Amino acid sequence: MALAAIYSLFIINKSGGLIYYKDYGSAGRTDTNDSLRLASLWHSMHAISQQLSPTPGCEGIDLLQAHNFDLHCFQSLTGTKFFAVCETGAQNIETLLKVIYELYTDFVLKNPFYEMEMPIRCELFDLNLAQVIQKDRVTLLGR
Amino acid sequence: MFSFGGGSSLTSVVPDATPAPAAPPGTGTGANAQVLYVFNRGGVCLLYREWHRPLRTLDPTQDQKLMFGLLFSLRSFTAKIDPTTAEKGNLGVPLLPGQGCSFYSFKTNTYKLNFLESPSGIKLILITHPRTGDQRDTLKHIYNLYVEYVVKNPLYAPGTPIK
């Protein structure tokens with residue numbers, strides 16, 4: 001049973017490759033190939049949405065509202081995209097994504113064994129991310 | 001002996017006899033709308049209107065194709081990523097209208113796109129300022145206008161641009 005406001009988290013590098021994927025209780029299974037496809041599809045749709053803007057200065061989709069979920073996306077200055085699939089109307093996901101970005105800079109980019117643009121396999125990142133998501137769940141239940 | 005019912009029944013077919021559907025509250029001015037697209041099931045752009053569009057990167061036909069393609073991919077994306085249903089099918093397979101989880105809007109820092117797909121596959125796209133609220137009622141109203149004045153117009157050939 002999914003308790004969390006957040007269903008899954010994707011991190012994609014600047015060329016659209018999936019470098020991190022974590023599921024927090026979606027119904028059904030998304031296999032590895034599908035998560036890779038979804039990540040690169042999101043990357044291209046993000047780029048197309050910039051082209052279709054009626055006014056200049058568009059930086060791509062930051063919120064997609066579907067009937068069963070909301071998708072929040074945060075793009076860092078270097079082009080790495082963080083996006084989370086959440087319950088409809090979930091609050092403070094932008095802040096959560098920024099916190100996750102902070103964890104990424106602290107525990108992934110500062111890891112001397114991490115190669116840029118490659119899948120993230122960093123124990124400390126996993127650990128701290130799990131704590132942040134857990135804390136988010138607790139505050140959600142406390143409300 | 002041969003009665004064809006009331007003679008007055010013929011007049012009820014004439015579209016202008018039906019009153020216009022009532023607009024939902026708060027949609028009177030429409031000052032926020034920037035661009036409107038109407039597509040049919042096959043991707044033909046039936047109507048394109050713009051009120052505020054300083055930036056044009058592509059020519060109109062390319063722009064309409066790109067918009068339809070974006071909607072098509074976003075539809076299959078949302079149907080596939082939907083976390084609440086277990087049976088999701090395959091990515092990239094065309095979906096019937098109303099099949100799978102669809103979306104109703106997305107927001108960027110410069111615009112908000114509102115989307116409605118009718119059961120017959122008519123797609124209405126309204127682009128507004130990013131800070132406008134929920135426009136689903138507005139799109140339903142526009143769809144009702146389409147039904148009243150386009151579909152019920154005997155001179156309109158389906159699948160052709162609306163004039």
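Is it true that B:T57 is surrounded by fewer than 16 Cβ atoms within 10 Å (Cβ to Cβ), farther than 28 Å from A:F69 by Cβ, at pLDDT below 90 and within 11 Å of chain A (Cβ to nearest Cβ)?
Against the criterion (surrounded by fewer than 16 Cβ atoms within 10 Å (Cβ to Cβ), farther than 28 Å from A:F69 by Cβ, at pLDDT below 90 and within 11 Å of chain A (Cβ to nearest Cβ)), B:T57 qualifies.
Collect the residues in the range B:78-120 that are under 27 Å from A:R29 (Cβ atoms), among the aliphatic types (A, V, I, L, M), more than 11 Å from chain A (Cβ to nearest Cβ) and touching a helix residue (DSSP H, G or I) at 6+ places or on another chain (Cβ under 8 Å), keeping them in residue-number order.
Those that are under 27 Å from A:R29 (Cβ atoms), among the aliphatic types (A, V, I, L, M), more than 11 Å from chain A (Cβ to nearest Cβ) and touching a helix residue (DSSP H, G or I) at 6+ places or on another chain (Cβ under 8 Å): B:V93, B:L95.
Taking the range A:57-92 as the region of interest, how many residues are out of contact with any helix residue (DSSP H, G or I) (no Cβ under 7 Å at 6 or more places or on another chain), in contact (Cβ under 8 Å) with a residue 24 or more places away in the chain and of a type in the set (A, V, I, L, M)?
Result for the range A:57-92: 1.
Just need a number here: residues in the range A:38-52 that are touching a helix residue (DSSP H, G or I) at 6+ places or on another chain (Cβ under 8 Å) and either of a type outside the set (S, T, N, Q) or at the interface with chain B (Cβ under 7 Å from one of its Cβ atoms) (or both).
Matching residues across the range A:38-52 total 8.
For the range A:38-80, which positions are touching a Phe, Trp or Tyr at 6+ places or on another chain (Cβ under 8 Å), of a type in the set (S, T, Y) and either surrounded by fewer than 20 Cβ atoms within 10 Å (Cβ to Cβ) or not in a helix (DSSP H, G or I) (or both)?
A:S53, A:T55, A:S76, A:T80 - these are the residues of the range A:38-80 that are touching a Phe, Trp or Tyr at 6+ places or on another chain (Cβ under 8 Å), of a type in the set (S, T, Y) and either surrounded by fewer than 20 Cβ atoms within 10 Å (Cβ to Cβ) or not in a helix (DSSP H, G or I) (or both).
Those residues that are part of a loop (DSSP other than H, G, I, E, B) and within 25 Å of A:D70 (Cα to Cα), I need them from the range A:90-118; list them, please.
Once the filter is applied, which keeps residues that are part of a loop (DSSP other than H, G, I, E, B) and within 25 Å of A:D70 (Cα to Cα), the range A:90-118 yields A:A90, A:Q91, A:N92.
All but one of (1) closer than 23 Å to B:P83 by Cα; (2) under 14 Å from the mean Cα position of the chain (by Cα); (3) assigned to a helix (DSSP H, G or I) hold for A:D136; which doesn't?
(2)
Conditions first: (1) more than 27 Å from B:A86 (Cβ to Cβ); (2) surrounded by fewer than 20 Cβ atoms within 10 Å (Cβ to Cβ). A:P119 passes all but one, so which condition is the exception?
With (1) more than 27 Å from B:A86 (Cβ to Cβ); (2) surrounded by fewer than 20 Cβ atoms within 10 Å (Cβ to Cβ) applied to A:P119, the lone miss is (1).
Hey, among the residues in the range A:11-37 that are of a type in the set (D, E, K, R) and facing another protein chain (nearest Cβ under 9 Å), which one's surrounded by the fewest Cβ atoms within 10 Å (Cβ to Cβ)?
Once the filter is applied, the top-ranked residue is A:R29.
When the residues of the range B:36-45 are narrowed to those that are among the hydrophobic types (A, V, I, L, M, F, W, C) and over 10 Å from the mean Cα position of the chain (by Cα), which ends up nearest to B:H129 (Cα to Cα)?
Among those residues, the one meeting the criterion is B:C45.
The values are calculated or read from the model by the stated rules, or taken from the named source; none is laboratory data. A quick note: this is a predicted structure, and the numbers were derived from the prediction, not measured. Quick reminder, even Gly has a Cβ in these numbers, built from the backbone with ideal geometry, and neighbours come from all protein chains shown.
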